[in-house]
Amino acid sequence: MLKNIQRPLQAVLLKFEGWFDRPFGPEWNPLRHLGALSFYFFWIVAVSGIYVYIFFETSVTGAFQSVESMTHDQWYAGGIMRSFHRYASDAMVVTTFIHMGREFIMDRYRGVRWFTWVSGVPIIWLLYASGIGGYWLVWDELAQYLMIASSEWLDWLGIFGEPLANNFLTPASFSDRMFSLLLFLHIAIPLFLLIACFVHVVKISRPRINPPRGLAIGTLLMLLALSLVKPAISHGPANLDKVVTTVDLDWYYALAYPLFDMWGAGALWLIAITLSVFVCWLPWMPSLKIKEAAEVDNLNCNGCSRCYADCPFGAVTMQPRTDGRPYPSIASVDPDICTSCGICVGACPTATPFRSADMLVTGIDLPHFRLTELRADTDASLAKLPKILPPGTPRIIIYGCDFGIDVEQIKDANVVVTRLPCIGMLPPSFIDYILMRDKADGVLLTGCREGDCYHRFGINWTEQRLTGERDPYLRERVPRERVWTCWGAVTDGAKLSDEIAAFTEHLRQLPHVSGKTGQEAAE
Amino acid sequence: MKRLLDILGQGFAYFLFALGIGYFASQPTYHPFGEDQALVKLAISHPGQRIHPCTERAIDHQRNIPKTARKLMDCPRERHPVTVQLKINGKTVFEAVSEPSGLSNDGRSLFYERFPVPAGSHEVLVQLYEAETATGAQYKFAQKIELKPGEIAVVGFDPTTKSIYFK
């Protein structure tokens, strides 16, 4: 049922992301940095808010005039900062909701990710409370409309000694003291929002909270252009003797207000709370079936901490050693937050297929798919390669993951495939094993799209291992020209087919062990 | 050439994002209230009568209490709910009973409602009952009012003059 909802949405989203990949490239694609962009917008709002606050007068009679003066007399600085403050807040709503939708569509909210997902719900409440609170402070007609409607909405709860709305009955009933309280709320709530944002990412290893520099600069320039072309302006001054008949609503924040006018406070509370509970409940509807967590083998773990460094969810920690072996620490896996991706296995220096033992035992391994099974699968796949191929046709093995391009669809005669939970599980020594023992002529690694690994760092770590930037390295003796990568989503089957054709042709031109190219040998 | 196309593509994507942000930040315009309408706000905050009247404490009883805590009168805190009725042009537009606020049911009964009305002349009658057992309204206010388009009129209760006001 859930897959039936997610799959068509995934197809649309991936298509859309593919369009963004062309001009931005995988590294700058904004759809892969939605959380980081939301953080970035928060900081823009914070900095511009501090500037605006310097010129803001905290009083019922002075607030509107101070904002007007800032907007018009100081348009080149205060006006732009005010526009930054507004538009970055709006952009934060947009990126936050797309971020949330994307995580749902890509099924990255269940299992160990439940905490991050659920902790996002208070962020949305705080985001709205922060944004709407900002509109009150301008004390124009829009502020009057939002303030009265907000207080009536809160009054429905019946938790206040006197209705909040009584503060806005007449001009005389709205005091500077109340206005100071509103300003205090507009500073305090965003601080809570910031804390909530940090709680949101606290369980994530190496969270991306800053967008790439190019994307950050582009976004800032976009906000600047928007602020110059369409500066944020106020409505007429608030007048509590008159009802507000027309408002240019900020629909990103005030979408609920027309619903409030139509359906009333009770219905809106019901919708807001039901939606919040529903979203919090989603990770268990149904819950993700995670295979058994990675296991540490005490005898084979030398406490090198590579698995600890590579685990994308912080499930591996290093503990003091108590078994008397001559290493200071030993890896320990928290099964509650292990996604069973196998990246730790790929990082383990003991994970090598060169061992002669029938049963490979590594320092850390997946109980449901041990390294020895990976070697057996690899050997079984290689055994499927035809003994006789057309002259010059190279033999290729593809390693694919469970979440990227579907490698099972590959039907080329000279190509065999092996699947892993994540490409990051593949120790580089397997490539060495295949090429140096002449089991195949080329190795092609595939996974999710670049920058979008389902297990977060499978692609990054693999590439860094291949280029020798990260332990365990691919040994120097391995011919790099025989190792290709092709990163793509489940919908990028055609891309992989093209890549296989290109790789085949590329390998055909390379000299074989005999010193002749495949083509020459064929001739 | 590819770099130029990439920059143009990025620019177009930023343009679309800015367009979406800029437009929905203030458009389309919303009309929460009709141009030819006025608003009557009923905002009354008033304590009901005590359920049990105050009684004088017996002198013997007072002797058992420290001097600093002695009170001459014993006043149970609970209050009656308050009922408010609002009629506009002879038609009852609001009639509600509000329980006293507070954990001990000793606070004020609160009323807050909005009534959009066409601008123009209206007969307004407000009646407030301090106890559901009362036979008639303790406070009554009747007035013919003239409301301009967009004007807000507030019906409230002034505790100093102990009367319903309209402004």
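The values are calculated or read from the model by the stated rules, or taken from the named source; none is laboratory data. Here the structure is a predicted model, which means the values were calculated and not measured. Don't worry about glycine lacking a Cβ; one is built from the backbone with ideal geometry, like all the others, and counts go over all protein chains shown.
Data overview
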item: Close pairs from the stretch A:243-260: first facing chain B (nearest Cβ under 8 Å), partner assigned to a loop (DSSP other than H, G, I, E, B) and buried (at least 22 other Cβ atoms within 10 Å of the Cβ), Cβ under 8 Å, at least 6 apart; result: A:Asp250/B:Ala25; A:Trp251/B:Ala25; A:Tyr252/B:Ala25; A:Tyr257/A:Leu249; A:Pro258/A:Leu249
item: Candidate set from the stretch A:195-208 (those that are under 29 Å from A:Met147 (Cα atoms) and buried (at least 16 other Cβ atoms within 10 Å of the Cβ)); member that is farthest from the other protein chains (Cβ to nearest Cβ); result: A:Ala196
item: Sole exception among (1) more than 10 Å from chain A (Cβ to nearest Cβ); (2) surrounded by 16 or more Cβ atoms within 10 Å (Cβ to Cβ); (3) hydroxyl-bearing (Ser, Thr, Tyr) for B:Thr55, by number; result: (2)
item: Residues satisfying the stated conditions in the stretch A:149-171, i.e. assigned to a helix (DSSP H, G or I) and touching a Lys or Arg at 6+ places or on another chain (Cβ under 9 Å); result: A:Glu152, A:Ala165
item: Odd one out for A:Pro211, checked against (1) over 22 Å from A:Phe41 (Cα atoms); (2) buried (at least 21 other Cβ atoms within 10 Å of the Cβ); result: (1)
item: Residue, surrounded by the fewest Cβ atoms within 10 Å (Cβ to Cβ), within the stretch A:5-16, restricted to residues that are more than 12 Å from chain B (Cβ to nearest Cβ) and in contact (Cβ under 8 Å) with a residue 12 or more places away in the chain; result: A:Lys15
item: Cβ pairs under 6 Å, 6+ apart, first in the stretch A:152-172 and in contact (Cβ under 8 Å) with a residue 40 or more places away in the chain and within 7 Å of another protein chain (Cβ to nearest Cβ), second of a type outside the set (D, E, K, R) and part of a helix (DSSP H, G or I); result: A:Asp155/A:Leu164; A:Asp155/A:Ala165
item: Test: B:Arg50 is of a type in the set (D, E, K, R) and touching a residue at least 12 places away in the same chain (Cβ under 8 Å); result: yes
item: Answer residue from the stretch A:71-102, given it is of a type in the set (S, T, N, Q) and farther than 24 Å from A:Arg206 by Cβ and is nearest to the chain's Cα centre (by Cα) among those; result: A:Ser89
item: Filtered residue count, the stretch A:418-444, keeping only those that are surrounded by fewer than 22 Cβ atoms within 10 Å (Cβ to Cβ), within 20 Å of A:Phe369 (Cα to Cα) and of a type in the set (A, V, I, L, M); result: 0
item: A:Leu37 being closer than 20 Å to A:Ile405 by Cα, in a helix (DSSP H, G or I) and among the aliphatic types (A, V, I, L, M); result: no
item: Filter result for the condition that a residue is under 27 Å from A:Cys338 (Cα atoms) and either at pLDDT below 95 or outside any loop (DSSP other than H, G, I, E, B) (or both), over A:Pro472, A:Pro427; result: A:Pro472
item: Residue tally, condition touching a residue at least 24 places away in the same chain (Cβ under 8 Å), under 22 Å from A:Ala254 (Cβ atoms) and not small (Gly, Ala, Ser), over the stretch B:30-47; result: 5
item: Filter pass, A:Val67 being more than 14 Å from chain B (Cβ to nearest Cβ) and touching a helix residue (DSSP H, G or I) at 6+ places or on another chain (Cβ under 7 Å); result: yes
item: Residue within the stretch A:471-478 that is within 17 Å of A:Cys348 (Cα to Cα) and free of Cβ contacts under 8 Å to residues at least 40 places away in the same chain present; result: no
item: Residue within the stretch B:114-131 that is on the phi > 0 side of the Ramachandran plot, of a type outside the set (Asp, Glu) and within 14 Å of another protein chain (Cβ to nearest Cβ) present; result: no
item: Breaking point among (1) more than 14 Å from chain B (Cβ to nearest Cβ); (2) buried (at least 18 other Cβ atoms within 10 Å of the Cβ); (3) free of Cβ contacts under 8 Å to residues at least 24 places away in the same chain, for A:Ile271; result: (2)
item: Test result for A:Ser205, in a helix (DSSP H, G or I), of a type in the set (Gly, Ala, Ser) and in contact (Cβ under 8 Å) with a residue 12 or more places away in the chain; result: no
item: Within the stretch B:132-157, considering residues that are part of a loop (DSSP other than H, G, I, E, B) and modelled with pLDDT under 90, the one farthest from the other protein chains (Cβ to nearest Cβ); result: B:Thr135
item: Candidate set from the stretch A:225-238 (those that are in a loop (DSSP other than H, G, I, E, B) and within 9 Å of another protein chain (Cβ to nearest Cβ)); member that is farthest from A:Ser173 (Cα to Cα); result: A:Lys230
item: Out of A:Val277, A:Val247, A:Val243, sole residue that is exposed (fewer than 13 other Cβ atoms within 10 Å of the Cβ) and in the same structural domain as A:Trp117 (by TED's automatic domain parsing); result: A:Val277
item: Qualifying residue in the stretch B:6-15 (condition: facing chain A (nearest Cβ under 8 Å), in contact (Cβ under 8 Å) with a residue 24 or more places away in the chain and not in a loop (DSSP other than H, G, I, E, B)); result: no
item: Pick from the stretch A:103-130, criterion surrounded by fewer than 20 Cβ atoms within 10 Å (Cβ to Cβ) and basic (Lys, Arg), ranking: farthest from the chain's Cα centre (by Cα); result: A:Arg113
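Here is a yes/no grid of residues against (1) within 31 Å of the chain's Cα centre (by Cα); (2) among the aromatic types (Phe, Trp, Tyr); (3) surrounded by 20 or more Cβ atoms within 10 Å (Cβ to Cβ):
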position: A:Ile364; (1), (2), (3): yes, no, yes
position: A:Arg370; (1), (2), (3): yes, no, no
position: A:Thr378; (1), (2), (3): no, no, yes
position: A:Lys384; (1), (2), (3): no, no, no
position: A:Ile388; (1), (2), (3): no, no, no
position: A:Gly392; (1), (2), (3): no, no, no
position: A:Ile396; (1), (2), (3): no, no, yes
position: A:Gly400; (1), (2), (3): yes, no, yes
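Quick grid of which residues meet (1) modelled with pLDDT of 95 or more; (2) part of a helix (DSSP H, G or I):
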| residue | (1), (2) |
| --- | --- |
| A:Met178 | no, yes |
| A:Pro190 | yes, yes |
| A:Leu193 | yes, yes |
| A:Cys197 | yes, yes |
| A:Leu249 | yes, no |
| A:Tyr252 | yes, yes |
| A:Tyr257 | yes, yes |
| A:Ala267 | yes, yes |
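Let's see how each residue does on (1) more than 14 Å from chain A (Cβ to nearest Cβ); (2) in contact with a His (Cβ under 7 Å, 6 or more places away or on another chain):
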position	(1), (2)
B:Phe17	no, no
B:Ile21	no, no
B:Ser26	no, no
B:Thr29	no, no
B:Asp36	no, no
B:Leu42	no, no
B:Ile51	yes, yes
B:Asn64	yes, no
B:Lys67	yes, no
